[in-house]
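Comments concern the structure below.
The values are calculated or read from the model by the stated rules, or taken from the named source; none is laboratory data. Quick caveat, the model's predicted, so the values are computed rather than measured. Backbone-built Cβ (ideal geometry, glycine too); neighbour counts: all protein chains shown. Accessible surface areas use protein heavy atoms only, side chains included; no ligands, DNA or RNA. Shrake-Rupley method; radii C 1.70, N 1.55, O 1.52, S 1.80 Å.
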Amino acid sequence: EDIEWLEETLGHNFKVLTTFERHEQELISKKLKWSMIHEEIFWRENALKFQHNNFSSIQKLVELLKSEDAETVAVACSDIGYFVQYFPNGKLIVEKYGGKSIILDLLNDKGAAPEVQKQALSACSKIMVTNWDSFKAAT
């Protein structure tokens, strides 16, 4: 009887976070770690959701480019690159919030961790593509 009550109570109070909600929680923590919520498939499926609250999540990602934690910066670069790739006019939004200039600075920072420079280069190359549909058709 007690076990049934416990299962019922937990069933009502337990909420499975969507991958988008997990991404939001990680942004709030200001500590990004490589996981499935930072992979291409996540961005392909969720990029359009990032426009809510005036792109607040993108603004947080841009702020995390200034983190002291190298993994957080590398993951933020990767996420921004995917956002630019999968969100219409994502490049303009990232530029609006200063992300492009910070990524270019990271690319030129000789003291940056190798993974940060690798992800900054990847994000920068995605920012430079002007038409992803044409690019995909050519490959």
Please go through the stretch 85-95 and give me each residue that is surrounded by fewer than 19 Cβ atoms within 10 Å (Cβ to Cβ) and part of a helix (DSSP H, G or I), ordered by number. LEU92, GLU95
Which condition breaks for GLU21 when tested against (1) of a type in the set (Asp, Glu); (2) farther than 20 Å from SER122 by Cα; (3) surrounded by 14 or more Cβ atoms within 10 Å (Cβ to Cβ)? (3)
Count, please, the residues in the stretch 108-121 that happen to be within 17 Å of TYR82 (Cβ to Cβ) and either not basic (Lys, Arg) or not in a helix (DSSP H, G or I) (or both). 5
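Can you say whether SER122 is surrounded by fewer than 20 Cβ atoms within 10 Å (Cβ to Cβ), closer than 15 Å to HIS23 by Cα and modelled with pLDDT of 95 or more, as far as the supplied structure shows? Step through it out loud before you land on a result.
Working: surrounded by fewer than 20 Cβ atoms within 10 Å (Cβ to Cβ): yes; closer than 15 Å to HIS23 by Cα: no; modelled with pLDDT of 95 or more: yes.
Here the answer is no, as SER122 does not meet what is asked.
It is to be established whether one or more residues within the stretch 104-117 are more than 12 Å from the chain's Cα centre (by Cα) and buried (at least 22 other Cβ atoms within 10 Å of the Cβ). Write out each step before concluding.
Filtering the stretch 104-117 down to residues more than 12 Å from the chain's Cα centre (by Cα) leaves 104-117.
Within this subset, residues satisfying the condition of being buried (at least 22 other Cβ atoms within 10 Å of the Cβ) are 106, 116.
For the stretch 104-117, residues more than 12 Å from the chain's Cα centre (by Cα) and buried (at least 22 other Cβ atoms within 10 Å of the Cβ): present.
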Go through (1) at negative phi; (2) open to solvent by less than 40 Å² (accessible area, probe 1.4 Å) and name the single condition GLY98 misses. (1)
Log entry, pairs with first residue in the stretch 49-63 being closer than 18 Å to ILE102 by Cβ, second being at pLDDT 95 or above and of a type in the set (D, E, K, R), beta carbons closer than 6 Å, six or more apart or on different chains, reads LEU61/ASP79
Exception for TYR82 within (1) open to solvent by 30 Å² or more (accessible area, probe 1.4 Å); (2) more than 17 Å from GLN51 (Cα to Cα); (3) part of a helix (DSSP H, G or I); (4) not charged (D, E, K, R) falls at (2)
Of all residues in the stretch 29-48, which are open to solvent by 10 Å² or more (accessible area, probe 1.4 Å) and either in a loop (DSSP other than H, G, I, E, B) or touching a residue at least 60 places away in the same chain (Cβ under 8 Å) (or both)? LYS30, LYS31, LYS33, TRP34, SER35, GLU39
Go through the residues of the stretch 53-64 one by one and say whether even a single one is farther than 16 Å from LEU107 by Cα, modelled with pLDDT of 95 or more, open to solvent by 10 Å² or more (accessible area, probe 1.4 Å) and among the basic types (Lys, Arg). yes
Kindly provide the set of residues from the stretch 65-79 that are open to solvent by 10 Å² or more (accessible area, probe 1.4 Å), outside any helix (DSSP H, G or I) and in contact (Cβ under 8 Å) with a residue 12 or more places away in the chain, ordered by number. LYS66, SER67, ASP69
